[in-house]
1. All but one of (1) hydrophobic (A, V, I, L, M, F, W, C); (2) open to solvent by 10 Å² or more (accessible area, probe 1.4 Å); (3) modelled with pLDDT of 85 or more hold for ALA208; state the number of the condition that does not hold.
2. How do the pairs read when you match residues in the range 93-108 that are under 23 Å from THR175 (Cα atoms) and touching a residue at least 12 places away in the same chain (Cβ under 8 Å) with residues anywhere that are open to solvent by 30 Å² or more (accessible area, probe 1.4 Å) and part of a helix (DSSP H, G or I), using Cβ under 7 Å and keeping only pairs 6 or more apart or on different chains?
3. Taking the range 224-255 as the search range and keeping residues that are assigned to a helix (DSSP H, G or I) and free of Cβ contacts under 8 Å to residues at least 24 places away in the same chain, which one is surrounded by the fewest Cβ atoms within 10 Å (Cβ to Cβ)?
4. Only residues that are open to solvent by 30 Å² or more (accessible area, probe 1.4 Å) and outside any helix (DSSP H, G or I): list them for the range 71-84, please.
5. Determine the pairs where a residue that is within 13 Å of THR175 (Cα to Cα), located within the range 195-209, has a partner that is at pLDDT below 80 and open to solvent by 70 Å² or more (accessible area, probe 1.4 Å) with Cβ atoms under 8 Å apart, the partner being 6 or more residues away or on another chain.
6. Hey, ALA35 hits all of (1) more than 24 Å from the chain's Cα centre (by Cα); (2) closer than 25 Å to LEU265 by Cα but one; which does it fall short on?
7. Tell me, please, whether a residue that is of a type outside the set (A, V, I, L, M, F, W, C), closer than 22 Å to VAL100 by Cα, open to solvent by 40 Å² or more (accessible area, probe 1.4 Å) and assigned to a helix (DSSP H, G or I) can be found in the range 180-196.
8. Closer than 20 Å to VAL100 by Cα and either of a type in the set (D, E, K, R) or surrounded by 14 or more Cβ atoms within 10 Å (Cβ to Cβ) (or both): is that true of THR175 in this structure?
Amino acid sequence: MSISRTEEQSADARVPTVRQDIAAEQQAARERARAVQRRWTTTQIAIRVVSLAVVLSAWEYLGRHTNPVLFTYPTAVGAAAAKMIASGELWKYLSQSLVVLFAGLGLATVFGIALGLVMARFWVVDVALDTYITALYSIPSVALVPVLVLWFGFETTAKIAVVFLFTFFPIVINTHQGVKNVDAHLIEVGRAFRCSERQLWIHIVLPAAVPFIVTGLRLAIGRGLIGMVLADLYTAITGIGYLISRYASIYRTDAMFVPIATLGLLGITLTGLLRFVEKRVAPWMHQPDQE
């Protein structure tokens, strides 16, 4: 009896030690992962800084040796941007376009994801709508802008409809394909564990479809910016499209490039925000070996 008690006491004494060792190994693994992530982030930033410096330097050199009516260079664009920001002109017209962009993109995101999920879930809806989705997506969106102008007029509603048209189809198609491409083995495992339909969609189907949905949103952002500018030009000429048109008509190339550069920065910012949300929703997509 005394021997067994001694063995039990020694075993009980070893348990905290084993737990401490496991906790220490887990902490060391987390620290190594954070160190790898920091090195990866630093490398990315360095590459982007060097790339930006090279591109801006080449642009500056070529721009200074080109007719200013035909082309410009970064320092001239920066000077023009400073004047337009100081006077409030840039924000005045940019804010008008942002309202249109966010309204159209927001509506397209809600309805596009919803319709993509419904088409993937119910084969009858998929068969009924697939042909129309493909046909409308194949038609150049610019060709439908005059029709939207006839329906909605020349004001903000028509512009939102144009942005919606440009952004809706990439979201629908990618969401639909994301659900359709979920690994069948994952579905079988979920059913083997007696998951309900709701649990399958929440815990298996939607997480697996997130990469496709995010890809659709990234495409929609770029197309939405295009639609935003076209809406400014085809309807009431306001917003950032008006700035581009006005300065192009008077051959102010440096000022014309300010809204163009703003559109590029806006696209980068929106894509960065999307990636930030994506990291919170699907962190497994942002491992260093997958970036």
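1. (3)
2. Within 7 Å, the pairs are ALA103/ILE160; GLY104/ILE160; GLY104/PHE164; LEU107/PHE164; ALA108/PHE164.
3. SER249
4. PHE71, TYR73
5. Taking only residues 6 or more apart or on different chains, the pairs are ALA208/ASP183; ALA208/LEU186.
6. (2)
7. Within the range 180-196, not a single residue is of a type outside the set (A, V, I, L, M, F, W, C), closer than 22 Å to VAL100 by Cα, open to solvent by 40 Å² or more (accessible area, probe 1.4 Å) and assigned to a helix (DSSP H, G or I).
8. no
The values are calculated or read from the model by the stated rules, or taken from the named source; none is laboratory data. Since this is a predicted model, take the numbers as computed values, not measurements. Virtual Cβ from ideal backbone geometry, glycine too; neighbours counted across all protein chains shown. SASA here: full protein model, heavy atoms, side chains in, ligands and nucleic acids out. Shrake-Rupley method; radii C 1.70, N 1.55, O 1.52, S 1.80 Å.
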